[in-house]
Structures are given as C-alpha cells and as structure tokens.
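What follows is a set of notes on a single structure, which appears directly below.
The values are calculated or read from the model by the stated rules, or taken from the named source; none is laboratory data. Remember, it's a predicted structure, so these values are computed and weren't measured experimentally. Because the Cβ atoms are built from the backbone with ideal geometry, glycine has one as well, and the counts that use them run over all protein chains shown.
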Amino acid sequence: MNGLELQAALHAGRCVYGTCAISTSPTWPAMVAASGADFVFVDTEHAPIQRDQLAWICRSYTALDVAPVVRIPEPDPYRACMVLDAGAAGVIVPYVESLAQVRDLRGAVRFRPLKGQRLQRVLDGTEQLDADTAAYLAERNAGRLMIVNIESTPALEILDEIAAAPGLDAFLVGPHDLSISLGVPEQYGHPRFNEAISTIIRTARAHNLGVGIHFSDGIERELGWLAEGANFIVHSSDRALVRDALRADFARLREAAGAASPGAASPGAASPGGEAPGGEPDTI
C-alpha cells in the first residue's frame, strides 16, 4: 500500500496489517515486504535510528509498496516534518494529551512546508489560505497520515475531543504506558485496561478513524481487539519475532540435549513477563 491507500482503508474501517521494524539492515525491507505487509511501523522513539538511516529505510519500503509510518520521539511538529522529509508516509506522535498537540501535528502534516506565524493563524482560524496555496498544500501533502498514540489517562479524559480534531487518521494505543498510567502495570487482562481499550476502539470507529494497538506478546489478544473493531493491526516487531522464534527453537534443542545428557543445565532461560533477562518490554 501507499500512503493514500492506507489512509483510505483506515477511515473506511478496512483492516490493514503491518509490523514494527527497527532493524537497519538493508535486507530487512524486502523481507518485510515479502510477508505481505501493507505498512511498516518504524519506531524512532525507542530505537537508535539516525536521520540518514531513516531516509533510506523509508524510501526502501516505499519502493516495495509498503507504507512506512514513523513514530517520532516526542510531540514536536518539527520532528514530524523531519521524518516526512525523510520519506515517511505518515507520522505517529507519542503520548498525546492535548488538543494543542494535535493541532500542531496537523500543521506539520497537512500544511508542510508552511510554518511560522502564518501557519499559526491558519490553524487557529484567523486566516484563510488563498485558493492556489490551499490547492498546492493539499496536493503536496496528500496521503500523509497523522496518527496519535493514546497511552495515558489524561488522553482518555479528552478522547472524544481528540478524535474529533480535524486531520486525524488513526489512534495507536501504547499498551505498556497506558497500563502504567491506569495503575495496572502490564496487567493486560485487567478489567480497567480492557475497558479503556474498548473505549478507545469504540470512539475511534465512531469518528471513522483507524485504531490499533502495538502488542508484541502473542496473537490472541490481537484477535480479540480485531473482533472489537480494531483495524490498524501492528503485529509484534522484528525484535520480538526473532526472539520468540529463537527461544522456541533453543528450548527444543536444549530439551533434546538434556534427554541425551541427563542433568545438563539450560542457561539463558527467559524471565517472567515475556522478556529476556535484563531486557525491556517489547509491548510499547
């Protein structure tokens, strides 16, 4: 999919499928494209991806007809412009908690390269663009997605207002941060967490927005959210998929080796909670 196709599908409620890919290997985009992914979620908030690396990553996925959507490290419209200049099909903004943040994101995504005082007057409604400029900006920025992370209780408190903000394409839930903000850290089966997820999905769909949850610990919860109406399916991540495949294969090999050599130790066992020892959660 390209950005226009992805945008149209999200608003229409059609399901689109992708994964989080943070590898900077030049062979990675072709592998992800071969999986049948519609889009790829490139995370520069938690992964050390440099600006030049991001540019070739975005352009490689675009050439393979996989729309790259990039999460920036903070709700900063200038960072949003940077990833769009790098070739991103859209921007994901973390920890959005105010309408002002959504408005500034709209300025970066929908009106780029207009900046400064004139942009602020357009955004606050005190100035109207002339027809030529409005048409130019609409054509230049067509198919650029603006997606906000919903991952805190302050965001939930104004969720309907955020959903109604002009120019928004989708919500992406950050379940790890949201569970902590709700006071039920990593308790993804807790009623409080489940109620919040249901509210987010229901609100997004009521406003014809796409909605998804980035979750890296198994597919069963994703299937449940899909049944509730989620349609922006961000399945796992390259890091988690490789980790889980190696973990399963090593367990089988160690089991076989243990059967051949009674009493043999099994080093490197995983810690509880879906993490490798000393690791950090893959559900972000």
Per the filter on segment 20-61, residues in a loop (DSSP other than H, G, I, E, B), touching a residue at least 24 places away in the same chain (Cβ under 8 Å) and among the hydroxyl-bearing types (S, T, Y) are S23, T24, T44
Of the residues in segment 62-103, those that are among the aliphatic types (A, V, I, L, M), more than 14 Å from the chain's Cα centre (by Cα) and not in a helix (DSSP H, G or I) come to L64, V66, A86
Taking segment 113-146 and the residues there that are among the small types (G, A, S) and surrounded by 10 or more Cβ atoms within 10 Å (Cβ to Cβ), the one that is farthest from N2 (Cα to Cα) would be A134
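Kindly indicate which of R192, R202 is out of contact with any Leu (no Cβ under 9 Å at 6 or more places or on another chain), surrounded by fewer than 18 Cβ atoms within 10 Å (Cβ to Cβ) and charged (D, E, K, R).
R202
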How many residues of segment 218-236 are more than 19 Å from V148 (Cα to Cα), out of contact with any Phe, Trp or Tyr (no Cβ under 8 Å at 6 or more places or on another chain) and of a type outside the set (A, V, I, L, M, F, W, C)? The answer is 4
Out of (1) under 25 Å from R239 (Cα atoms); (2) modelled with pLDDT of 95 or more, the one V109 does not meet is (1)
Taking segment 201-229 and keeping only residues that are in contact with a Cys (Cβ under 8 Å, 6 or more places away or on another chain) and either part of a loop (DSSP other than H, G, I, E, B) or without any contact (Cβ under 8 Å) to a residue 40 or more places away in the chain (or both), one is left with H214, S216
Apart from one, (1) in contact with an Asp or Glu (Cβ under 6 Å, 6 or more places away or on another chain); (2) in a loop (DSSP other than H, G, I, E, B); (3) of a type outside the set (G, A, S) all hold for R121; the odd one out is (2)
When S198 is run through (1) in a helix (DSSP H, G or I); (2) within 25 Å of V173 (Cα to Cα); (3) at pLDDT below 95, the failure sits at (3)
Within segment 168-187, residues assigned to a loop (DSSP other than H, G, I, E, B), surrounded by 15 or more Cβ atoms within 10 Å (Cβ to Cβ) and either touching a strand residue (DSSP E or B) at 6+ places or on another chain (Cβ under 8 Å) or among the polar types (S, T, N, Q) (or both) come out as L168, D169, G174
Checked G210, G229 against criteria (touching a helix residue (DSSP H, G or I) at 6+ places or on another chain (Cβ under 8 Å) and crowded, with 23+ Cβ neighbours inside 10 Å); the one match is G210
